[in-house]
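Just so you know, all these numbers are worked out from the coordinates, no wet-lab data involved. As the structure is a prediction and not an experimental result, all values here were calculated from the model. Positions of Cβ are generated from backbone atoms using ideal geometry, with glycine treated the same way; all protein chains shown enter the neighbour counts.
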Amino acid sequence: VLEIPVELGPRSYVVSVGHGLAAELPALLGGPKRRSVVVADRRVWSRHGARLQRGLARLGAAHRVLIPPGERFKSRRSLAALHDAFVDARLGRDGRVIAVGGGVVGDLAGFAAATWMRGIDWVQVPTTLLAMVDSSVGGKVGINHPEAKNLIGAFHQPGAVVADPELLDTLAPRQRRSGCYEVLKAGLIGDRDLFAAMAGAPPGLRGWDRPAVENAIAAAVRVKAQVVERDEREGGLRRVLNLGHTVGHALETLTRYRRFTHGEAVGWGLLAATWIARRRGLVGEASAAAIDAAVAGLGPRPPVHDLDPGDILAALARDKKAVAGRVPFVLPRGLGRVVIAGDVSRGEIRSALRALARIPAR
Ligand SMILES: NC(=O)c1ccc[n+]([C@@H]2O[C@H](COP(=O)([O-])OP(=O)(O)OC[C@H]3O[C@@H](n4cnc5c(N)ncnc54)[C@H](O)[C@@H]3O)[C@@H](O)[C@H]2O)c1
Ligand SMILES: [Zn+2]
């Protein structure tokens, strides 16, 4: 078992990574039996529920709420249903919420825990690669508003995160590939060896042995943990985690979240950031080519060449992080380091988008 501490003073916790851990929740979470409510993705529960149930029952988790799969269930309606279930379960201040699912269920259940009695304990059992390396670490929780994603939220750190890569066996290949872009991103931000490993990774990490998968997940968690430890509430540094996300978000919103998975959009965004960094001399030719090849190796991705650059630029300017129409860009500086640039011009972005359109999507 690999254990990555997230040091946040009184809100510190450990992320455990290991095959088979989901069956050992009582040993990992320890302590006396507590009244708990399990919030699980319905699809995940149908595949893995039987195996998880025994351990959960021993933890005192008698109540269970199943959430249908899909981003649209990260909603106010689901939140209300969870609070109702907490009432039924008589969940008190000393109660606990156990989230079993991808980022949707993690964000939703975490926000329900954050808003129940001004915040009760919760535990995450992430079941997608993206959730293991990204959304389960850092304490950002929330739900969507019909007008925009993640508008309603809070910071509420979990008490523990248990990542069992065995659960990924049932994850759709496209979802597996999608999470890989976030792992690669973590390497580019702060771990050269992780970058190198991901540059040679098979699609969706299929075929890697267990230790290799565990090491990659743990390394990505470590990068995120280190950033979050220094900037828990996104005062500044935490923005480096948005590498690839500026253009990525624009692509997602422009295509109404239908064309790309989040990771695929981030993959395109990494290429755009790398293009700009290369033109600015922040990365040399060889490193830039290595990043391009690594992103390509995680593909295929849906194309961007038919999207209008003007529309992408307009979507970028609407980014909630935009200041006076300019969005801060995170740019790679070599492999394993990044810088934040607040002065990226429309011309630079436009030329990066032109370059993207020339890249075959494969
Ligand atoms: N809190 C944060 O810091 C943070 C960071 C990144 C993303 N997010 C959020 O995470 C969400 C995306 O998370 P996601 O990519 O995990 O998507 P998801 O939770 O929607 O899961 C993707 C799909 O995989 C299915 N699934 C999950 N685990 C499975 C398994 N083990 N076997 C078979 N099927 C499985 C789900 O039913 C779903 O259909 C978004 O809402 C995003 O805003 C949050
Ligand atoms: Zn992301």
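A few points about this structure:
- Globularity index of region 90-138 is 1.11 (Cα radius of gyration / 2.2 N^0.38 Å, N = number of residues).
- Under 13 Å, Cβ to Cβ, from ALA355 - net charge with Lys/Arg +1 and Asp/Glu -1: +3
- For the chain, alpha-carbon Rg relative to the globular expectation (2.2 N^0.38 Å, N residues): 0.97
- With each label modelled as a point 7 angstrom along the Cα→C-beta vector, the ARG118-GLU285 pair spans 6.2 nm.
- Taking every C-alpha pair closer than 8 Å and separated by at least 6 residues, the mean separation divided by the residue count of region 208-325 gives a relative contact order of 23 percent.
- Cβ crowding within 10 Å ranks TRP122, TRP45 as TRP45, TRP122, fewest other Cβ atoms first.
- Maximal additional length on extending the ARG206-ALA62 stretch stands at 48.3 nm, based on 0.36 nm per residue less the C-alpha distance.
- Förster radius 56 Å - calculated FRET efficiency between ALA154 and ALA50, Cβ distance, rounded to 0.05: 0.95
- Paramagnetic reach from ARG90 in region 36-53 [backbone N under 19 Å; point 7 Å along Cα→Cβ]: 36-38
- Estimated inter-spin distance, ALA314 and SER351, nm [label 7 Å along Cα→Cβ]: 2.5
- Legend: calculated FRET efficiency, ARG11 to ARG76, from the Cβ-Cβ distance at R0 = 25 Å, rounded to 0.05, equals 0.45.
- The loop-placed trypsin sites (Lys or Arg not before Pro) in region 1-93, going by DSSP, that have at most 12 neighbouring Cβ atoms within 10 Å of their Cβ come out as LYS33, ARG90, ARG93.
- Looking at the chain, the DSSP beta bridges with both ends there are about 40 percent antiparallel.
- Coil-residue trypsin sites (Lys or Arg not before Pro) of region 172-225, DSSP, other Cβ within 10 Å capped at 13: ARG206
- Between helix 42-59 and the chain: long-axis angle, C-alpha atoms, 0 to 90°, nearest 10: 40
- Structure-based [θ]222 nm, the chain - -39500 (n - 2.57) summed over DSSP H runs of at least 4, per residue, nearest 500: -14000 deg cm²/dmol
- Based on alpha-carbon atoms, the Kirkwood radius and the radius of gyration of region 89-227 give Rg/Rh equal to 1.01.
- Separation in nanometres of the label points that stand 7 Å from Cα toward Cβ, at ASP306 and LYS33: 5.8
- Going from the residue with the fewest nearby Cβ atoms within 10 Å to the one with the most, MET198, MET117, MET132 rank MET117, MET198, MET132.
- Structure remark: mean-square fluctuation, Gaussian network model of the chain, C-alpha springs under 10 Å; the largest value among GLY142, GLY102, GLY347 belongs to GLY347.
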